[in-house]
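Asker: Take this structure, written in structure tokens, and hold onto it; I'll ask about it next.
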Amino acid sequence: AQKITQTQPGMFVQEKEAVTLDCTYDTSDPSYGLFWYKQPSSGEMIFLIYQGSYDQQNATEGRYSLNFQKARKSANLVISASQLGDSAMYFCAMREYNDMRFGAGTRLTVKP
Amino acid sequence: KAGVTQTPRYLIKTRGQQVTLSCSPISGHRSVSWYQQTPGQGLQFLFEYFSETQRNKGNFPGRFSGRQFSNSRSEMNVSTLELGDSALYLCASRLENRPVAFFGQGTRLTVV
């Protein structure tokens, strides 16, 4: 069974608009962490945002926010005011026990 | 502060050969993980090292091995290369008590 599911293989957004990338997860570990990474065509994985399972408030980092709904096991990434440089692959990931697992990714394209 | 450095960036090897990839973590980070990224399988966890000890291992054959040195630098070795080993190999480092891992730019290995 998939531990991390990203249902949107590709997304388009107009520059300056907001976009939400979906992520659902499955774990039995009560203490887990959720991450979003960005991977431009250069290949490097760039850390964007982190949410711990016990964190009460949704994480925010500049234009990035994580919409954490624990009961629904979802951790969607919201990017506000999209920029052309946001075009990239976005990966949702989860650390449970000592394991780190990644979703299949969503390719985001920002249109001018 | 220097980021995670992986060398070499690109590598072409012949089937049956072996290869060694290197990863220098961020200064002060003692945990190093390795991942394989392919179009078909996505990002898969290979292994994690901490203080020269392998802490966790993914579901890969014994041809994939790694080690970590006392300065936290890590190497991974793949013996008897197969065409399917062609991939982007990513290394990540983190502080022991912090959840967030920071990635290098990766080594793109092509097996011909």
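Bear in mind that the values in this text are calculations on the coordinates, not laboratory data. None of these values were measured; they are calculated from a predicted model. Every residue, glycine as well, gets a Cβ built from its backbone with ideal geometry; the counts of neighbours run over all protein chains shown.
Asker: Which loop trypsin sites (Lys or Arg not before Pro) in region A:34-98, with loop taken from DSSP, have no more than 15 other Cβ atoms within 10 angstrom of their Cβ? List each step's numbers first, then the result.
Answerer: Details: sites: A:Lys38, A:Arg63, A:Lys70, A:Arg72, A:Lys73, A:Arg95; in loops: A:Arg63, A:Lys70, A:Arg72, A:Lys73.
Filter output for region A:34-98: A:Arg63, A:Lys70, A:Arg72, A:Lys73.
Asker: Could you pull out the longest piece of chain B with no exposed loop trypsin sites (Lys or Arg not before Pro) in it, calling a site exposed if DSSP puts it outside H, G, I, E, B and it has at most 13 other Cβ atoms within 10 Å? Walk me through the numbers on the way to the answer.
Answerer: Numbers: sites that count: B:Lys1, B:Arg9, B:Arg15, B:Arg63.
For trypsin sites (Lys or Arg not before Pro) (loop position, at most 13 other Cβ atoms within 10 Å), the longest site-free span of chain B is B:64-112.
Asker: Please give the per residue volume of the convex hull enclosing the alpha carbon atoms of the protein assembly as shown, rounded to a whole number of Å³.
Answerer: 129 Å³
Asker: Distance from a point 7 Å along Cα→Cβ of B:Arg15 to each backbone N in region B:84-108: keep the residues under 17 Å and list them by number.
Answerer: B:84-87, by backbone N distance to the label point.
Asker: Another question, then. Using the 2.2 N^0.38 Å rule of thumb for compact globular proteins, work out how region A:1-107 stacks up: its C-alpha Rg over that value, please. Numbers along the way, then the final one.
Answerer: Details: Rg = 13.2 Å, N = 107, 2.2 N^0.38 = 13.0 Å.
For region A:1-107, the normalised Cα radius of gyration is 1.01.
Asker: Below 27 Å Cα-Cα, how many Lys pairs turn up in chain A? Only count pairs eight or more apart in sequence, or on different chains, if you could.
Answerer: Details: A:Lys3/A:Lys38; A:Lys3/A:Lys70; A:Lys3/A:Lys73; A:Lys16/A:Lys38; A:Lys16/A:Lys111; A:Lys38/A:Lys70; A:Lys38/A:Lys73; A:Lys38/A:Lys111.
So the count of such lysine pairs works out to 8.
Asker: Taking 8 Å as the Cα distance limit and 6 or more residues as the minimum spacing, I'd like the relative contact order of chain B as a percentage. Don't jump to the answer; show the numbers that get you there.
Answerer: Numbers: 290 pairs, mean separation 41.1, N = 112.
This gives 37 percent for chain B.
Asker: Relative to a virtual label point 7 Å from the Cα of A:Thr5 in the Cα→beta-carbon direction, which members of region A:41-78 show backbone nitrogen distances below 13 Å?
Answerer: Correct set: A:72-75.
Asker: Moving on. In units of 2.2 N^0.38 Å, what is the alpha-carbon radius of gyration of region B:1-62?
Answerer: On the way: Rg = 13.3 Å, N = 62, 2.2 N^0.38 = 10.6 Å.
Ratio of Rg to 2.2 N^0.38 Å for region B:1-62: 1.26.
Asker: Still on this structure, please answer the following. Within a 10 angstrom radius of the beta carbon, how do B:Val32, B:Val100, A:Val19, B:Val78 rank from fewest other beta carbons to most? Write out the running numbers ahead of the final one.
Answerer: Numbers: B:Val32 28, B:Val100 14, A:Val19 20, B:Val78 25.
So the residues, fewest neighbours to most, are B:Val100, A:Val19, B:Val78, B:Val32.
Asker: A further question follows. How large is log10 I(q)/I(0) at q = 0.09, 0.14, 0.22 Å⁻¹ when the Debye formula is applied to the Cα atoms of chain B, each weighted equally and without solvent?
Answerer: For chain B, the Cα-only Debye profile gives -0.21, -0.50, -1.22.
Asker: At a Cα cut-off below 19 Å, give the aspartates and glutamates reachable from B:Lys57, other chains included and same-chain residues fewer than 8 away excluded.
Answerer: The reachable aspartates and glutamates, counting only those whose Cα sits under 19 Å from B:Lys57, are A:Asp29, A:Glu96, A:Asp99, B:Glu48, B:Glu75, B:Asp85, B:Glu96.
Asker: Quick one: work out the % antiparallel among DSSP beta bridges in the protein assembly as shown, nearest 5.
Answerer: On the way: 71 of 80 bridges.
Antiparallel: roughly 90 percent of the beta bridges in the protein assembly as shown.
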